[in-house]
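Notes to accompany the following structure.
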Amino acid sequence: MSQRIFTSWLRGVGVTVLLLVAASAPGQTDVETSERIRHALSGKAAGLPAVLHNEVLRFYTEVGFAPAWTTESELLPAATAGLKILRRAPAFGLNPADYQTREIELNLDSLQAAKTPEARLQRRVAAELQLTAGLLKLATHLRRGRLHPVTLQPLAYAPDSVFDGVAWLLRARRTPQFEQELLRLQPTTRSYARLQWAWQKLIRTDTAAARKISDQVAVNLERLRWEPRNDSAYLVVNIPAYTLQIVRGPAVVRSHRVIVGGVPTPTPEVYSHVRFFQTSPEWKVPRSIALNEILPRLRRAPGFLAANNYVLYNQQGQQVNPHKINWKQVTPETFRYTIRQTACCDNALGNVVFRFPNTHDIFVHDTPARKLFNAPRRALSHGCIRLEKPFQLAAFLLRRDYGAGAQRQIERMWDSVYGGYSKYFPLRNPMPIYIRYLTCHADDSAEIRTLPDVYQRDAQVLQALLQASEQTTASVGE
């Protein structure tokens, strides 16, 4: 985050938890507090962010507007645990100010100094509402993230198919392990758990180092909270790391180097499932490549197609002789052809391609240009992902699918490759694949390693997070 916000993070670390609320004056009861909560939520007197008012109202409606976190003399255990987690927001790449943590503390502290029963009642009610709102926000942020992963707009707090914060809070506050219930809302993926743990360690031991990478860590923890969470085994491509990893539970089974899209043609972030792979594939040349790269070559030498195992087709799907076309008169607007590259050793897709549904029409594939895997920065493709040692992945998928019977399928795979004929291998259990963009990660020593922001995407996410914080602050009391 910004220098100002990070400083507020550091102030929030290590604050002593207030365990007791000043005793109420004679005559101040939970009934009075309940009526005051009801009144505050009946209009805008609650002083809550507008986006949260309805959810806090729903929470207190369920408990009959009774105080949920305080008695007349003390904080309930769940409230103490909740405040502890709110103060630990920096450990999750979040900002305590977004949860009114300081305001809650001030209201609780001022109970001791309040000179009248009315003043104490006002502060108790304010602390109740603010703590409920803060915990609802934090629970939602830990479970779903703060932003929509596509639009980068702040997420609403109303319940959806992923999470109902009010229902969760009503249940969790009654458990003896409220802190653990809140922590369990975080992703359990290997990448998130390792990065969050390493970041938590760093902010405790090396404040100066933490300050330098706080923005980057906040952005990447947010990205990891966007991901689905139900996969025990999956493929993960991290674009800035130029790697594809096979992950099973907490362990990386195998790691492959990859080539990703160049800056003009970036690889998109995708979550899908690999449904099949194809050996000795034919390549249908994307129109953008046909127009921008092949058409200029055809104008110079129509024999370029045959020399590179390309075949030209018209709109009716009939094969066309490229030497009978005056390519100097063909423009991108009048280009009405399809180009396919036959299966061969120089096919752009190599010897195997892995397919998964996605709106960007990208896939993972082999490549004849294997020397490029030695380059330190490998943002070189048109958007698809070129994979080193692809048949190790193919064999893994077949063993996962067929178990003891996989060897026969592996033999068929090699027969098709060496025989030069195409063969499809549908997967009975499609393999989840994450194509993600993470510019930092934690290594095996719990040290945070930063990566180049290849496509300059971090700034956009960071700006959206900062704007979400500003909107939260501005909406209080509206």
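The values are calculated or read from the model by the stated rules, or taken from the named source; none is laboratory data. Worth saying up front: this structure is predicted, and the values here are computed from it rather than measured. Don't worry about glycine lacking a Cβ; one is built from the backbone with ideal geometry, like all the others, and counts go over all protein chains shown.
Of the residues making up the range 79-101, those that are part of a helix (DSSP H, G or I) and touching a Ser or Thr at 6+ places or on another chain (Cβ under 8 Å) are Ala79, Leu83, Leu86, Arg87, Ala89, Pro96, Ala97, Asp98.
Taking every residue in the range 139-161 that is on the phi > 0 side of the Ramachandran plot and pairing it with any residue that is surrounded by fewer than 14 Cβ atoms within 10 Å (Cβ to Cβ), at least 6 positions away or on another chain, the pairs with Cβ-Cβ distances below 7 Å are Leu152/Gln460. Quick check: is even one residue across the range 195-211 in contact with a Pro (Cβ under 8 Å, 6 or more places away or on another chain), modelled with pLDDT of 90 or more and of a type outside the set (Val, Ile, Thr)? Checking the range 195-211: not a single residue is in contact with a Pro (Cβ under 8 Å, 6 or more places away or on another chain), modelled with pLDDT of 90 or more and of a type outside the set (Val, Ile, Thr).
Among the residues of the range 391-445, those that are over 22 Å from Ser255 (Cβ atoms) and of a type in the set (Ser, Thr, Tyr) comprise Tyr402, Ser416, Tyr418, Tyr421, Ser422, Tyr424.
Yes or no: Pro281 touching a residue at least 12 places away in the same chain (Cβ under 8 Å), closer than 29 Å to Val417 by Cα and in a loop (DSSP other than H, G, I, E, B)? So Pro281 fits the description; yes. Of all positions in the range 297-311, at least one carries a residue that is among the hydroxyl-bearing types (Ser, Thr, Tyr), free of Cβ contacts under 8 Å to residues at least 40 places away in the same chain and either assigned by TED's automatic domain parsing to the domain that holds Val353 or surrounded by 13 or more Cβ atoms within 10 Å (Cβ to Cβ) (or both). Scanning the range 284-299 for residues that are of a type outside the set (A, V, I, L, M) and in a helix (DSSP H, G or I), we see that the one that is farthest from the chain's Cα centre (by Cα) is Arg299. Under the condition of being surrounded by 10 or more Cβ atoms within 10 Å (Cβ to Cβ) and either at pLDDT 95 or above or in a loop (DSSP other than H, G, I, E, B) (or both), the residues counted in the range 314-330 number 4.
Could you tell me whether any residue of the range 173-195 is under 28 Å from Ser42 (Cβ atoms) and small (Gly, Ala, Ser)? Scanning the range 173-195 turns up no residue that is under 28 Å from Ser42 (Cβ atoms) and small (Gly, Ala, Ser).
Among residues of the range 209-233 being of a type in the set (S, T, N, Q) and touching a helix residue (DSSP H, G or I) at 6+ places or on another chain (Cβ under 8 Å), the one that is farthest from Phe396 (Cα to Cα) is Ser214. Filtering the range 376-396 to residues that are closer than 11 Å to Leu349 by Cβ and among the aliphatic types (A, V, I, L, M) leaves only Leu387. Starting from residues that are part of a loop (DSSP other than H, G, I, E, B) and in contact with a Ser or Thr (Cβ under 7 Å, 6 or more places away or on another chain), keep the ones in the range 232-264 and report whichever is farthest from Gln456 (Cα to Cα). Within the range 232-264, the match that is farthest from Gln456 (Cα to Cα) is Gly249. Only one entry of Val263, Val252, Val217, Val237 meets the criterion of being under 19 Å from Phe356 (Cα atoms) and not small (Gly, Ala, Ser), and that entry is Val237.
Looking at the range 19-52 only, could you name the residues that are of a type in the set (Gly, Ala, Ser), modelled with pLDDT under 85 and loosely packed, with under 13 Cβ neighbours inside 10 Å? Within the range 19-52, Gly27, Gly43 meet the criteria. Mind telling me which of the residues Leu135, Leu170 ends up being part of a helix (DSSP H, G or I), touching a helix residue (DSSP H, G or I) at 6+ places or on another chain (Cβ under 6 Å), in the same structural domain as Gly93 (by TED's automatic domain parsing) and surrounded by fewer than 18 Cβ atoms within 10 Å (Cβ to Cβ)? Result: Leu170 is the single residue among Leu135, Leu170 that is part of a helix (DSSP H, G or I), touching a helix residue (DSSP H, G or I) at 6+ places or on another chain (Cβ under 6 Å), in the same structural domain as Gly93 (by TED's automatic domain parsing) and surrounded by fewer than 18 Cβ atoms within 10 Å (Cβ to Cβ).
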